[in-house]
Each structure stands twice: as structure tokens, then as C-alpha cells.
Amino acid sequence: MAAIRQTVELRLRSASTARSMRWRAIVLAAWGLLSFVVYMSNGRTEGSGDTVATSLIPIAVLLEGTPMLDRFVEEEARRFPNHHWLSYTRHGVASSYPVTTGILSIPIFAAPVLYEEWRHSPTPDIWRDLAFGKYQKVAAAMFAAASVIVFWSICLELQFDLRLAAALTILYAFGSETFSTSSQG
């Protein structure tokens with residue numbers, strides 16, 4: 001009799017755990033999708049010069065296999081004589097800013113960059129406009145949406161009341177620097 005009771009209790013816990021995990025996955029996806037849609041909704045990119053090099057790194061890596069930005073130097077010099085975001089080294093032209101975000105953006109940029117290269121083989125001028133425009137905005141919004149998911153998960157792990165976790169996540173997603181940075185690109 002005790003063995004049957006233990007088996008039933010174990011199965012009930014397993015079913016409850018499975019439902020809980022499904023609920024958690026649905027809520028995580030909803031937070032990510034909601035924040036991504038809101039971040040993308042203004043349709044504008046208001047980036048500054050410091051994001052140019054970072055947005056060009058995935059293109060350079062995908063097309064040339066290097067994070068060096070030599071192919072874009074002439075265009076940057078033509079548009080901006082004082083292009084502080086590029087550093088001239090003995091190995092070539094590099095970003096003056098950390099390259100991690102550009103490297104992490106490679107999977108986000110891969111499909112559109114490879115498609116554009118196959119279809120049109122754009123000039124550095126066109127690549128710059130694509131990278132600094134819509135590509136960087138999508139990457140920024142995706143990274144920010146992922147951070148909202150992580151924030152919500154931390155609230156749950158800390159066992160916050162669901163209403164408090166939701167309120168804090170909303171504040172983080174739409175009332176902090178996360179919103180202003182990600183929604184602008």
C-alpha cells in the first residue's frame with residue numbers, strides 16, 4: 001500500500017513539474033516576444049558613431065573571416081573625416097570599441113548578410129547603411145529581449161511574488177536604459 005501511494009505521489013509531482021516547466025517556457029517566450037516587438041516598434045535607428053564599427057564587425061567576419069574593418073575605411077573617411085570609432089593598427093583597421101557585441105551579433109546578421117552578398121554583392125557604402133541601419137537595430141532588440149527573459153528568470157529563482165516579478169520586469173524592460181538603448185539600435 002505504501003509503495004502504491006509513493007508511486008502516485010511521484011507521478012503527481014512529475015505531472016506538476018511538467019506543467020510548471022511548460023508554463024515557464026510560455027511565459028519566457030511571451031516576455032521575449034513582447035519586449036522585442038516593443039523595441040522594434042518605432043522603426044527608427046538612432047545610433048551614434050560608437051556603434052558603427054560594432055555593426056560592421058559581423059559583416060567583415062562573415063565575408064572576410066576577420067573582425068578587421070579595412071574594407072570600410074574609405075567609406076568612413078569619406079563620410080566622416082574624424083571617424084573616432086576606427087583604430088589604425090599595424091595589422092589593419094580595427095574597432096576602437098570592444099568587439100564582443102559585434103562577434104555575438106554574427107548569428108543574427110548571418111542570414112541577411114549572406115543573402116545580400118549572394119544576391120547583390122553590395123559595396124562598402126551599402127553594407128555600412130545596412131549594418132548601421134536595420135541590422136544593428138534587430139541585434140540590439142534581440143539582445144535586450146534576451147536580457148528581459150534573464151531578468152524575469154532571476155525574479156522567479158529568487159521566489160518573488162509573481163505580481164512583484166512582473167512589475168519589476170516591466171520596469172526593467174520598458175523603464176530603464178534597456179529600453180532606450182535597444183529600441184534605438
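What follows draws every value from the coordinates through simple rules; no lab data is involved. Bear in mind the structure is a predicted one, so any value in this text is a computation, not a measurement. Glycine gets a Cβ as well: all are built from the backbone with ideal geometry, and neighbour counts include every protein chain shown.
Below, the figures for the structure above:
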item	result
Estimated FRET transfer efficiency when R0 is 30 angstrom, pair Asp125-Ile103 (beta carbons, to 0.05)	0.80
Thr66-Leu164 pseudo-label distance in nm [points 7 Å out on the Cα-to-Cβ vector]	5.4 nm
Nearest-0.05 FRET efficiency for Ser180 and Val73, computed from C-beta distance (R0 25 Å)	0.25
Spacing of the two label points (7 Å from each Cα toward its C-beta) at Leu28 and Asn82, in nm	4.7 nm
Anisotropy class of region 109-177 from Cα gyration tensor, a/c 1.5 cut	prolate
By average C-beta atoms within 10 angstrom, highest first, the peptides 128-135, 90-97	128-135, 90-97
Shape box of the chain [Cα atoms, principal axes, largest first, Å]	81, 33, 32
Residue-averaged 222 nm ellipticity for the chain, from DSSP H runs of 4+ at -39500 (n - 2.57), nearest 500	-22500 deg cm²/dmol
